[in-house]
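The values are calculated or read from the model by the stated rules, or taken from the named source; none is laboratory data. As the structure is a computational prediction, the values presented were derived from the model and not from experiment. With ideal geometry, Cβ positions are generated from the backbone for all residues, glycine too; neighbour counts draw on all protein chains shown.
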There are 2 protein chains.
Amino acid sequence: MHTNKNCIQRMSRYRNALNRFKGLGFSKIFSNYLADAVGSTSSQVRKDFSLFGIYGSKRGGYSIDCLIEQLNEILGKNELQKVVLAGFGNMGAALVRYKGFSKEGISILAAFDIDPAKYNKRINNIEVLPLDRLQPFVQEHQIKIGILGVPEIAAQHVLDLMVAAGIRGVLNFAPIQLKCPAGCVVNSVTLEHELENVIYFVNANEKTEGVAA
Amino acid sequence: MHTNKNCIQRMSRYRNALNRFKGLGFSKIFSNYLADAVGSTSSQVRKDFSLFGIYGSKRGGYSIDCLIEQLNEILGKNELQKVVLAGFGNMGAALVRYKGFSKEGISILAAFDIDPAKYNKRINNIEVLPLDRLQPFVQEHQIKIGILGVPEIAAQHVLDLMVAAGIRGVLNFAPIQLKCPAGCVVNSVTLEHELENVIYFVNANEKTEGVAA
DNA sequence: CTTTTAATGTGAAAAACATCACAAATCTAT
DNA sequence: ATAGATTTGTGATGTTTTTCACATTAAAAG
């Protein structure tokens, strides 16, 4: 199958929008409305669905329940997703409190840090444990997914620990390129880079508008 | 010029890596080392630079100082970037404390919220003000960039306020597609979707490995 | 000074991705 | 039942992005 990161991101957005449509009482939807809701085009929507073997009915559109169910399956929403968090600093503490994860069936089972001052804190019933307990914890709970909220300097080391423990995919917030073995996935989100992006395009717009005016 | 989001993201990463190389005492660099450092290829690096009129010397590579300076110019690093934040919830509070922004010359000048219980809190010398003071504040300080850390339900409304006040680019954390007039930029980062992405590819890997084994 | 070596810069080629456009299907109205 | 309207599913087409490959150039060695 021919999927990429953007495509899966769109799947998440479709699912999100569909839940809103469902909440509004709709039971069927056409590709163009869904496209509008996520800022895409109807052919893109249909292509994406076709890629995953998701079919609607001609003239009748797609059943929202049916779509959501299939997207749930694709995105792993039919089981609770167990996650560990490394790094209980500013970012880590915020992620533990973040409602979006639990709302989406993602559960941070524990947080890990090297700073003893943080041990045994409990937020949202999530405990902070010493980093050296990460490996047994991950193995015991059969966890595949990790979140890296540690400083840049420690990120590669902690990622290596995670991978050694059995983690197969990581969401990383450190502004650095991480190396991991084949078969493992790292998705890096760097907030300062995301903001730099906005700044760049705002400046670029200003320049071209200046030319146009 | 022909740039896109990914391209600018790479620019941010190049800059990051170059600062590390500089910190290690290097003064020149070749495209292949830089590529390694950011997880790209040497031809991609050279194409990117060429696109922005950044040139090295054949056989001699690129001067790190010179590169950093040009990337600073492109990414707006030569001036302090003033930003406002809307929404002082869990995410907003974390962003105010986030070191990565100030480290990169991004300064959140004030935060805004509708909840009076949050007014006049001060963290990192950033004050929380009533949302209706956003417009005069933005105009007075000539701010072009905003961060949206408000709940999904409020996001479009607050974005409209920002745009009316003169904000031209927004980093949005709400899991929803926002509409804004032409000439404005919205970059949405949805943490739960980023994690869903990781989960999807981990599952996908497991399946294909199962087949291969 | 000349030769050798090694890295850049960039058209050309390839790959990845998105859009178009239309046949096929099916719902609605008569 | 039949006709008409409308939406899907998908090959074909177009566009964007990445990779290739090599002429060009500059450093280093002889």
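Within the stretch A:70-120, being of a type in the set (Lys, Arg) and within 25 Å of B:Phe101 (Cβ to Cβ) holds for A:Arg97, A:Lys99, A:Lys118. Does the stretch A:177-184 contain any residue that is more than 10 Å from every other protein chain (Cβ to nearest Cβ) and either surrounded by 14 or more Cβ atoms within 10 Å (Cβ to Cβ) or at pLDDT below 95 (or both)? Yes, some residue in the stretch A:177-184 is more than 10 Å from every other protein chain (Cβ to nearest Cβ) and either surrounded by 14 or more Cβ atoms within 10 Å (Cβ to Cβ) or at pLDDT below 95 (or both). Return a yes/no flag: does the stretch B:193-209 have any residue that is crowded, with 20+ Cβ neighbours inside 10 Å, of a type in the set (Ser, Thr, Tyr) and in the same structural domain as B:Phe88 (by TED's automatic domain parsing). No, the stretch B:193-209 contains no residue that is crowded, with 20+ Cβ neighbours inside 10 Å, of a type in the set (Ser, Thr, Tyr) and in the same structural domain as B:Phe88 (by TED's automatic domain parsing). Considering every residue within the stretch A:81-91, establish whether at least one is among the hydrophobic types (A, V, I, L, M, F, W, C), crowded, with 22+ Cβ neighbours inside 10 Å and out of contact with any strand residue (DSSP E or B) (no Cβ under 7 Å at 6 or more places or on another chain). Yes: the stretch A:81-91 contains one or more residues that are among the hydrophobic types (A, V, I, L, M, F, W, C), crowded, with 22+ Cβ neighbours inside 10 Å and out of contact with any strand residue (DSSP E or B) (no Cβ under 7 Å at 6 or more places or on another chain). For the stretch A:1-40, a tally of residues being under 23 Å from the mean Cα position of the chain (by Cα), surrounded by 13 or more Cβ atoms within 10 Å (Cβ to Cβ) and not in a helix (DSSP H, G or I) returns 3. The sole residue among A:Ala17, A:Ala94 that is assigned by TED's automatic domain parsing to the domain that holds A:Val158, among the hydrophobic types (A, V, I, L, M, F, W, C) and under 24 Å from B:Val198 (Cβ atoms) is A:Ala94. In this entry, A:Val198 is excluded by the filter for residues that are among the β-branched types (Val, Ile, Thr) and within 20 Å of A:Ser107 (Cβ to Cβ). Looking at the stretch A:86-104, which of its residues are within 21 Å of A:Leu159 (Cα to Cα) and either hydroxyl-bearing (Ser, Thr, Tyr) or touching a Lys or Arg at 6+ places or on another chain (Cβ under 6 Å) (or both)? A:Phe88, A:Asn90, listed by residue number.
Based on what the data block shows, is A:Gly60 surrounded by fewer than 16 Cβ atoms within 10 Å (Cβ to Cβ), more than 8 Å from DNA strand D (Cβ to nearest atom), more than 14 Å from chain B (Cβ to nearest Cβ) and of a type outside the set (Asp, Glu)? So A:Gly60 does not fit the description; no.
Taking the stretch B:30-61 as the range and being within 25 Å of A:Leu178 (Cβ to Cβ) and more than 7 Å from DNA strand C (Cβ to nearest atom) as the test, the residues that pass are B:Tyr33, B:Leu34, B:Ala35, B:Asp36, B:Ala37, B:Val38, B:Gly39, B:Ser40, B:Thr41, B:Gln44, B:Val45, B:Asp48.
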